[in-house]
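Chemist: Dumping the structure here so I can ask a few things about it.
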Amino acid sequence: MHLTPVPDPEPPALAGKEPSIAGLERYATILRINCVRMLAVAKSGHLDSSLSAADIVAALYHRELRHDPADPGWPERDRFVLCKGHAAPIQYAALAEHGYFPRQDLMGLRKVGSHLQGHPDMNRTPGVEVSTGSLGQGLSTCVGICLALRLDGLDGTAQVFGVLSDGDCQEGETWEGAAAAAHYEVPNLTAIVDYNHLQTDGTTEEVMDTGDVRAKFEAFGWDSVEIDGHDMGAIVEALRRSRTLRKPAAIVCQTKKGRGVSLMEDRFGFHGKPPSQEQATEALEELEARLAEQEEALQAGAASGEGGDGGS
């Protein structure tokens, strides 16, 4: 089975252009493929949690996030915090696509001596802003970063994006962070909830029902919207809109765990479990077939003058 990362991240015809919605969907497929490959080699990790966030992460890194792989410490950069740190593979896949480290490093996930640990490590992995993993702490960290940016006079240019899980929303510290963001009138914070409804011991509703998360953020004084977390156009629109607000923004994304891989999509029992070799083979066949279809459509669009337009 071919387990090396996808070598060509962008069709030559689209090089140098802001990716269209179809282009972003293609990138999301590449991220999913490399997550499957990483987990198949590592034989441990959280695949389904990474797949549910792939569309969100693709929209951020390939379209919305202001970042510079050549200068990861650029002061005016946007900050990205993977609050649901167990989904580290999806962030690693995005960082590798942008050259923060060689793509081949992805195959060292969770290996002794590798800089790609099971949860993001800001001291070891280029491009990682915050070491995360303890659910509930991420949003408060995002608020702290926003306040630090205010002290540095950068809160008008640098946006902070945090991706949370259902589990984060079950933790009290998340709501303390939500209260603090509203109290301190933090304008440059976007919280994105990957609301996939499944966790280790059952559905979110069975384990600890979080209720109407959008309404909760709104009650805390946030601007809050709910979207389909696999609708790339809706994701891009919500992320762009969040920059224009003068209050913290919450984007509650209704997603499916294991998205893109039929054998695990929206199915219980895959949390924290790597795919078997047979499952990985099946998943890669499905994803690579989708990627081929997406590339064919993009090339056809480019040939007709409709591809890579940065539009809807």
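Chemist: Please list, short to long, the whole-number percent of alpha-carbon pairs of the stretch 55-200 in consecutive 5 angstrom bins beginning at zero.
Modeler: Computed distribution, short to long bins: 2, 10, 19, 23, 21, 15, 7, 3, 0.
Chemist: How big is D, in µm² s⁻¹, for the stretch 223-285 by Stokes-Einstein at 25 °C and 0.890 mPa s if Rh is the Kirkwood radius over C-alpha pairs? Walk me through the numbers on the way to the answer.
Modeler: Values: Rh = 13.9 Å.
Approximately 177 µm²/s, per Stokes-Einstein.
Chemist: Per-residue HN-Hα couplings for the stretch 274-289, Karplus 6.51 cos²θ - 1.76 cosθ + 1.60 at θ = phi - 60°, whole Hz, x for Gly and Pro?
Modeler: Values, residue by residue: x, x, 5, 4, 5, 5, 5, 4, 5, 5, 5, 4, 5, 5, 5, 5 Hz.
Chemist: What are the ³J(HN,Hα) couplings of the stretch 110-121, residue after residue, when phi is run through the Karplus curve with 6.51, -1.76, 1.60 and θ = phi - 60°? Round to Hz, x for glycine and proline.
Modeler: 6, 8, 4, x, 6, 8, 9, 7, x, 10, x, 10
Chemist: In a shell of Cβ-Cβ distance under 15 Å around Ser44, excluding Ser44 itself, what net charge do Lys and Arg (+1) and Asp and Glu (-1) give? Numbers along the way, then the final one.
Modeler: Working: positive: Arg37, Lys43, Arg110, Lys111, Lys273; negative: Asp48.
With Lys, Arg at +1 and Asp, Glu at -1, the neighbours total +4.
Chemist: Quick check: convex hull over the Cα atoms of the stretch 151-234, volume per residue in Å³, rounded to an integer? Working shown, then result.
Modeler: Values: hull volume 9.4 nm³, N = 84.
With only Cα atoms used, the stretch 151-234 gives 112 Å³ per residue.
Chemist: In the chain, what is the volume of the convex hull around the alpha carbon atoms, normalised per residue and reported in Å³?
Modeler: Here the figure is 117 Å³ per residue.
Chemist: Fewest first, what order do Leu39, Leu31, Leu139 take by the number of other Cβ atoms within 10 Å?
Modeler: On the way: Leu39 25, Leu31 31, Leu139 28.
Listing Leu39, Leu31, Leu139 from fewest to most nearby Cβ atoms yields Leu39, Leu139, Leu31.
Chemist: Local charge sum around Val130 (other residues, Cβ-Cβ under 15 Å, Lys/Arg +1, Asp/Glu -1)?
Modeler: Once all neighbours under 15 Å are counted, the net charge is -1.
Chemist: Net charge near Leu116, counting Lys/Arg +1 and Asp/Glu -1 over other residues with Cβ under 9 Å of its Cβ?
Modeler: Counting the neighbours of Leu116, the net charge comes to +1.
Chemist: Can you show me the helix-derived [θ] at 222 nm for the chain, built from DSSP H runs with n ≥ 4 at -39,500 (n - 2.57) apiece and divided by the number of residues, rounded to the nearest 500. If you can, show how the numbers build up before the last one.
Modeler: Details: 11 runs with 125 residues, N = 312.
Theoretical 222 nm ellipticity from helices: -12000 deg cm²/dmol.
Chemist: Now for a separate question. Just give me a number: lysine pairs in the chain, eight or more positions apart or cross-chain, with C-alpha atoms less than 24 Å apart.
Modeler: 17
Chemist: Which three lengths, in whole Å and largest first, does the stretch 169-312 cover when its Cα atoms are put on their principal axes?
Modeler: Result for the stretch 169-312: principal-axis Cα extents of 49, 44, 18 Å.
Chemist: When only C-alpha pairs under 8 Å and at least 6 residues apart count, what is the relative contact order of the chain, in percent?
Modeler: On the way: 622 pairs, mean separation 76.2, N = 312.
Relative contact order comes out at 24 percent.
Chemist: Rounded to the nearest 0.05, what FRET efficiency is calculated for Asp212 and Ala179 with R0 set to 22 Å and r the Cβ-Cβ distance? Display every interim value, and only then the final one.
Modeler: Numbers: r = 17 Å, r/R0 = 0.79.
Given R0 = 22 Å and the Cβ-Cβ separation, E is 0.80.
Each reported figure results from applying straightforward, stated rules to the coordinates on display, with no laboratory input. Treat the numbers as computed from the prediction; the structure is a model and nothing was measured. Don't worry about glycine lacking a Cβ; one is built from the backbone with ideal geometry, like all the others, and counts go over all protein chains shown.
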